[in-house]
Ligand code: SME
């Protein structure tokens with residue numbers, strides 16, 4: 001990663017996102033959040049959602065960036081690993097991740113956060129960067145906190 005990028009103010013982003021997500025509608029809120037993250041967090045080439053609309057399959061949801069792979073099984077890629085394990089996947093070098101799915105050849109590092117509400121895995125948030133090692137532990141914590149805003153402020157029904 002670069003040493004020159006100023007630290008992202010995740011506390012401020014959390015306040016802004018809390019105000020931005022002013023409906024309970026999942027289509028609106030995930031669309032707004034994908035655009036917000038893509039605009040506000042530097043050095044990303046893709047930001048968006050994959051949703052579990054049927055068991056153990058991730059379907060492409062609202063996103064910013066190049067058209068992307070769809071669908072992704074729970075046994076596939078970084079997104080599938082996040083969905084299967086329900087653990088955030090912070091991948092410093094996607095080329096070293098077995099089974100990584102390269103939607104955009106420019107991607108070098110990736111952060112995938114599972115979205116869990118009432119013990120149900122609703123989907124994942126996927127961020128890609130063209131920079132190796134783009135995502136620090138601080139980025140992970142900050143973006144996980146943004147995901148909590150989405151989960152708390154959105155109705156995430158089954159099978160949507
Ligand atoms: N790289 C992901 C696939 C989704 S794209 O990055 C948008 C993966 O390996 O699951």
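Read-outs: derived from the displayed coordinates by stated rules, not from any lab. Since the model is a prediction, treat every value here as computed from it, not as a measurement. A quick note on method: Cβ atoms are made from the backbone with ideal geometry, for glycine too, and the neighbour counts reach across all protein chains shown.
A few notes on this one:
- Whether the chain is rounded, prolate or oblate, judged on the alpha carbon gyration tensor where a/c under 1.5 counts as rounded: oblate
- From least to most packed, judged by other beta carbons within 10 angstrom and beginning with the fewest, 139, 104, 126 follow the order 104, 139, 126.
- Segment 50-96-segment 102-123 distance, computed between alpha-carbon centres (Å): 5
- In terms of other Cβ atoms within 10 Å, 108, 14, 134 run from fewest to most in the order 14, 108, 134.
- Each of 147, 103, 69 was scored by other Cβ atoms within 10 Å of its Cβ. Listed from fewest to most, they are 69, 147, 103.
- With a simple spin-label model that places each label point 7 Å from the Cα along the Cα-to-Cβ direction, the separation between residue 153 and residue 5 comes to 2.3 nm.
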